[in-house]
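Enquirer: This is the structure I have questions about; it appears just below.
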Amino acid sequence: MTNLSEIERLLQNQLISLNVREEGLHKAVTAITLNKIIQEGLNGDCLKTLEESIPRSILAAVLDSSPSRLKRLYGRKLPIIDADRLYALIQLWPLIMNFFDNDKDAAEEWLLEECPAIDGAIPAKLLATSVGRNVTKLLITRMSYGEMS
């Protein structure tokens, strides 16, 4: 399963090339360096790895694209907004997978359908913005406590 540590592993190769090894400052420098990498743009090839754990349709929705156009991003630098969206999705994905008992197909189906609890919005489309991700996170949290369906 791809999660926050997976994206950090993907970025680790770039981090190693910067030779960041300061004792005691490693975590802070890693976060700062991670931010720098996102600002400079992730390589679109990271999508290949992410597709192993996150359905292509969900990645496409987050990047405001279509699944068939996603391959066009391979080998290209992703703009900062897309890199940031992917990073945010990777942070949220474990919560989604936990709620759906690691059933990627069930998660994908739910994310792509209109949801009455959020005025008929499609959760996958909400994942493209920070406000939408917060709505989705709150909804999943509330559903996990049985507050709504």
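Enquirer: Filter the range 35-50 down to residues that are closer than 30 Å to Asp105 by Cα and touching a Leu at 6+ places or on another chain (Cβ under 7 Å) and give me whichever is surrounded by the most Cβ atoms within 10 Å (Cβ to Cβ).
Expert: Result: Leu42.
Enquirer: A further question follows. Those residues that are in contact (Cβ under 8 Å) with a residue 60 or more places away in the chain and over 19 Å from Ala60 (Cα atoms), I need them from the range 95-149; list them, please.
Expert: Once the filter is applied, which keeps residues that are in contact (Cβ under 8 Å) with a residue 60 or more places away in the chain and over 19 Å from Ala60 (Cα atoms), the range 95-149 yields only Asn102.
Enquirer: Here is a follow-up. Quick check on this structure: which one of Ser53, Ser68 is surrounded by fewer than 21 Cβ atoms within 10 Å (Cβ to Cβ) and touching a residue at least 12 places away in the same chain (Cβ under 8 Å)?
Expert: So the residue among Ser53, Ser68 that is surrounded by fewer than 21 Cβ atoms within 10 Å (Cβ to Cβ) and touching a residue at least 12 places away in the same chain (Cβ under 8 Å) is Ser53.
Enquirer: Considering each of Ile58, Ile96, Ile90 in turn, give the residue that is closer than 20 Å to Leu138 by Cβ, modelled with pLDDT under 90, of a type in the set (A, V, I, L, M) and in a helix (DSSP H, G or I).
Expert: One residue alone meets the criteria, Ile90.
Enquirer: Further, regarding this structure: Quick check on the range 71-87: of everything there that is of a type in the set (Lys, Arg) and assigned to a helix (DSSP H, G or I), which residue is surrounded by the fewest Cβ atoms within 10 Å (Cβ to Cβ)?
Expert: Going through the qualifying residues, I end up with Arg72.
Enquirer: For the range 108-149, name all the residues that are among the hydroxyl-bearing types (Ser, Thr, Tyr) and outside any helix (DSSP H, G or I).
Expert: Within the range 108-149, Thr129, Tyr145, Ser149 qualify.
Enquirer: Which of the residues spanning the range 102-133 are under 13 Å from the mean Cα position of the chain (by Cα) and either more than 24 Å from Pro67 (Cα to Cα) or exposed (fewer than 13 other Cβ atoms within 10 Å of the Cβ) (or both)?
Expert: Within the range 102-133, just Ser130 meets the criteria.
The values are calculated or read from the model by the stated rules, or taken from the named source; none is laboratory data. Bear in mind the structure is a predicted one, so any value in this text is a computation, not a measurement. Positions of Cβ are backbone-derived with ideal geometry, glycine not excepted, and every protein chain shown enters the neighbour counts.
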